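Enquirer: Quick one: the structure is below, and I'll ask about it shortly.
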Amino acid sequence: MDRIPAPTRRRFLQSVSAGAAAVAVPAFAWPDKPVRIVVTFPAGGASDIVARTLAEQLGAKLGQAFVVDNRPGAGGSVGGLVVTQAPADGYTLMLSNSTPISIGPFALEKQPYDPVEGFTHIALIGSAPCVVMANPKAGLKTLSDLEAMAKKSGRLDFGSGGPASIGHIHGELMKKELAVNLVHVPYRGGAPMTTDLIAGVVPVGIDVITAFVQFFKTGQIVPLAVTSATRSPLAPDVPSVVETGHRKLVLDNFFGLSGPAKMPADLVSRLNTAVNEILANAEIKRKMVELGITTTPASQPAFAGFVKEQVSQLAPAVKAAGVKL
């Protein structure tokens, strides 16, 4: 066997060693400082709860603090714009959901960003239905009761977590489907809406079911229907809108993790893997079920496709409903 000359052999070994080092050492160390997760609603609502749970788990898994940054306003577009304008370095992420992605941008006079191309949609967490609910003193027990009251009085107010929130959009869809005069009362998040609903300031509320189960149990709020195709495990005694004969009122809110457009592929892959591993944890799955969320681990391309499909479905509905911010 021919021997490789010593100088050539040394250069060969050096090149192999350098190549191995290039493979073993990433182009940059991430994360080496705290990562923020922008939430497009105030503290206390469904998105905030999910974001804080995810932040805690990602911090433990990736060895760096993940900090929730609440940026409400303009139907989620304030927070969405913060993320689209941030560097694509992995240090600014967003707890994405239907409001800042599929609803808010289309309710503004000038669309602030492209909800599909303006982000890197990293990982799908899951989805949860909205719930149509009432203050006990309103005397409503079912969706049919709501319809009858609205027709009799000529007007019925409903609260939501804010203009162009998913609760607002569902109310507009109900207004059209039931042919009644439902008047939107916007709040700065689900928490203040809940306070007024319990106090009877507003008779009806529509929001993601996540934060309301505790009030159903105490009788402070009466659930009328959930907006999913089937009943929610959180409220198995509450009918779905399909059961009430209103299939067109099915509307689920998704939860996901997104970031600025053009994030590095290896970073996106690492985050997607981390989120899916977190969702596979039995304790996390149990906690999400308690929040009313059906977890749905997915690949990054699958989540990006899901977002694109929902935008194509909801954007026309927002415009047809005439929702303006």
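The values are calculated or read from the model by the stated rules, or taken from the named source; none is laboratory data. Every value quoted in this text rests on a predicted model; they were computed, and no experiment measured them. Here the Cβ is made from the backbone with ideal geometry for all residues, glycine too, and neighbour counts use every protein chain on show. Just so you know, the surface numbers come from the protein's heavy atoms only, side chains and all, with ligands and any DNA or RNA stripped out. Shrake-Rupley method; radii C 1.70, N 1.55, O 1.52, S 1.80 Å.
Enquirer: For GLY167, are the conditions met, namely being in contact (Cβ under 8 Å) with a residue 12 or more places away in the chain and either farther than 21 Å from PRO239 by Cβ or of a type in the set (Asp, Glu) (or both)?
Expert: No; evaluated as a whole, the condition is false for this residue.
Enquirer: Would region 195-205 turn up any residue that is in contact with a Phe, Trp or Tyr (Cβ under 9 Å, 6 or more places away or on another chain), surrounded by 21 or more Cβ atoms within 10 Å (Cβ to Cβ) and closer than 17 Å to ALA46 by Cβ?
Expert: Yes.
Enquirer: Answer yes if at least one residue in region 207-223 is out of contact with any Pro (no Cβ under 8 Å at 6 or more places or on another chain), modelled with pLDDT of 95 or more and surrounded by 24 or more Cβ atoms within 10 Å (Cβ to Cβ), and no otherwise.
Expert: No, every residue in region 207-223 fails to be out of contact with any Pro (no Cβ under 8 Å at 6 or more places or on another chain), modelled with pLDDT of 95 or more and surrounded by 24 or more Cβ atoms within 10 Å (Cβ to Cβ).
Enquirer: Taking only pairs six or more apart or across chains, which ones have beta-carbon atoms under 8 Å, a first residue in region 307-325 that is over 12 Å from ILE103 (Cβ atoms) and of a type in the set (Val, Ile, Thr), and a second residue that is open to solvent by less than 40 Å² (accessible area, probe 1.4 Å) and assigned to a helix (DSSP H, G or I)?
Expert: VAL307/ILE101; VAL307/SER102
Enquirer: Another question about this same structure. For region 273-281, check the following and say yes or no: at least one residue is hydroxyl-bearing (Ser, Thr, Tyr) and open to solvent by less than 40 Å² (accessible area, probe 1.4 Å).
Expert: no
Enquirer: Here's a follow-up. So SER127 passes all but one of these: (1) in contact with a helix residue (DSSP H, G or I) (Cβ under 8 Å, 6 or more places away or on another chain); (2) at pLDDT below 95. Which condition number does it fail?
Expert: Result: SER127 passes all but (1).
Enquirer: Could you say which residue among GLY292, GLY256 is within 26 Å of SER165 (Cβ to Cβ) and at pLDDT 95 or above?
Expert: None of the others qualify; the one that does is GLY256.
Enquirer: Exactly one condition in (1) at pLDDT 90 or above; (2) surrounded by 21 or more Cβ atoms within 10 Å (Cβ to Cβ); (3) within 16 Å of the chain's Cα centre (by Cα); (4) not in a helix (DSSP H, G or I) is false for PRO297; which is it?
Expert: Failed condition: (2).
Enquirer: Could you please give the count of residues in region 175-194 that are open to solvent by less than 10 Å² (accessible area, probe 1.4 Å) and either modelled with pLDDT under 95 or touching a Pro at 6+ places or on another chain (Cβ under 8 Å) (or both)?
Expert: Residues flagged as open to solvent by less than 10 Å² (accessible area, probe 1.4 Å) and either modelled with pLDDT under 95 or touching a Pro at 6+ places or on another chain (Cβ under 8 Å) (or both) within region 175-194 amount to 1.
Enquirer: Would you mind stating whether MET263 is within 23 Å of MET94 (Cβ to Cβ), assigned to a loop (DSSP other than H, G, I, E, B) and not β-branched (Val, Ile, Thr)?
Expert: Details: within 23 Å of MET94 (Cβ to Cβ): yes; assigned to a loop (DSSP other than H, G, I, E, B): yes; not β-branched (Val, Ile, Thr): yes.
It is true that MET263 is within 23 Å of MET94 (Cβ to Cβ), assigned to a loop (DSSP other than H, G, I, E, B) and not β-branched (Val, Ile, Thr).
Enquirer: Can you tell me how many residues within region 219-236 are free of Cβ contacts under 8 Å to residues at least 24 places away in the same chain and in contact with a helix residue (DSSP H, G or I) (Cβ under 9 Å, 6 or more places away or on another chain)?
Expert: 1
Enquirer: Among the numbered conditions (1) surrounded by fewer than 19 Cβ atoms within 10 Å (Cβ to Cβ); (2) in a loop (DSSP other than H, G, I, E, B); (3) in contact (Cβ under 8 Å) with a residue 60 or more places away in the chain, tell me where GLY292 comes up short.
Expert: Checking GLY292 against (1) surrounded by fewer than 19 Cβ atoms within 10 Å (Cβ to Cβ); (2) in a loop (DSSP other than H, G, I, E, B); (3) in contact (Cβ under 8 Å) with a residue 60 or more places away in the chain, the one that fails is (1).
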